[in-house]
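Input: a single structure, listed below in structure tokens.
No value in this document is a laboratory result; all are computed from the given coordinates. Note that the structure is predicted; figures quoted are calculated from it, not measured. Reconstructed Cβ throughout: ideal geometry from the backbone, glycine too, with neighbour counts over all protein chains shown.
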Amino acid sequence: MIYQELLYSRSLSKDYRWMIIPSKVSPESLKALNQLYNLYDKYKNTFSKASVLPLYCLNHPEMTFLVSCGLSNHKDKDGRDIYCLQGMCVTQEYKRHLWFVLPWILANYNTRDTLNVWRNIDFSQADDIVRRASGDCFFKLDQLDESLAALTKTQKSTAEKLSIHEPAYISFNKDGLKELSHLLVSAYHDCIDFAFGVTPEMVKNFDFKIIAETGSRSKRENTRDMVTADGASSLIPGHGQDKAIDEFPGDPIARFDPKNKGGVNRTNVLRGSSSSRIFGQYLPRFLSLLKIGKKLKRSKSSSQ
């Protein structure tokens, strides 16, 4: 997968500006990203209280952007913390590849290795960087996980896609990262606009399909008691829901977590969950048939 980097930040002596931009990026895309950062900057004190960094995915005609907002590891000449919007983008050609590596990116998100553009910049020379065009970067899928690389070769059936009329609400914390990964894997089969860490004002200005609001509880947690007939809790509250999403067995994030060397044996989890569910469904019927059989034997013996 080929991607490019972008960075909006400031340096030691120069004010906030676009420092690194993708080649062939449209002015409309940069304007939208600037608006996103300005809304983040307005409430950055609220975001700083969270245990995780905000993450946003924005789809535009020419590119899909995956960016984060937060503190850099630098200070300006007056000793003030430097904030930034930074991340990556892909052209439409690699949009589907980005969707497939998102679980891996989320698993390694707190290390900020993939989205941290500042790590490759000499801060002492950063004053001279203004709108530098990003070169091509390469994300080798075969180095992550064989099964992940195989996913990029398998087309998803359009029948599996979920018709969404209302946004999905998740929590803005570490558990919310898992919720986000579950949704991306099980419900959405293409990159969609999502905001992991957002204020109500941001929601009004962008058409996010998955929303994790700051300082609010996940609506998924608030609707735990609303369970469908087969015991699967829906991730999408409200009316207009065409299909309930089953709880995803196994953790897509843990599967790519470098701390988890063994990974998750998803096949065994699926087999175990389906077997227990089938057993639970048919056991009462089987016992009922046994009782009926015993009654028939008793009636026959008494008539003789």
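Miscellaneous remarks
- Karplus-derived HN-Hα couplings along segment 29-35 (A = 6.51, B = -1.76, C = 1.60, θ = phi - 60°), whole Hz, x at Gly and Pro: 5, 5, 5, 5, 5, 4, 5
- Residues whose amide H comes within less than 5 Å of that of ARG132, counting only those at least five positions distant or on another chain, are ILE20, ILE21 (H built at 1.01 Å from N in the peptide plane).
- Taking all Cα-Cα distances within segment 3-93, those exceeding 24 Å account for 20%.
- When the C-alpha to C-alpha distance is required to be over 24 Å, the pairs from LYS31/LYS75; LYS24/LYS204; LYS44/LYS174; LYS44/LYS209; LYS42/LYS209 that qualify are LYS31/LYS75; LYS24/LYS204.
- Highest mean packing comes first when the peptides 24-30, 181-187 are listed by Cβ atoms within 10 Å, giving 181-187, 24-30.
- In order along segment 64-79, the phi-based Karplus estimate (6.51 cos²θ - 1.76 cosθ + 1.60, θ = phi - 60°) of 3J(HN,Hα) comes to 10, 10, 10, 10, 10, 10, x, 6, 8, 9, 10, 10, 7, 5, 9, x Hz; Gly and Pro are listed as x.
- Ordering of 91-98, 208-215 by burial proxy (mean other Cβ atoms within 10 Å per residue, highest first): 208-215, 91-98
- Packing, taken as the mean count of other beta carbons within 10 Å per residue, orders the peptides 190-199, 49-58 from highest to lowest as 190-199, 49-58.
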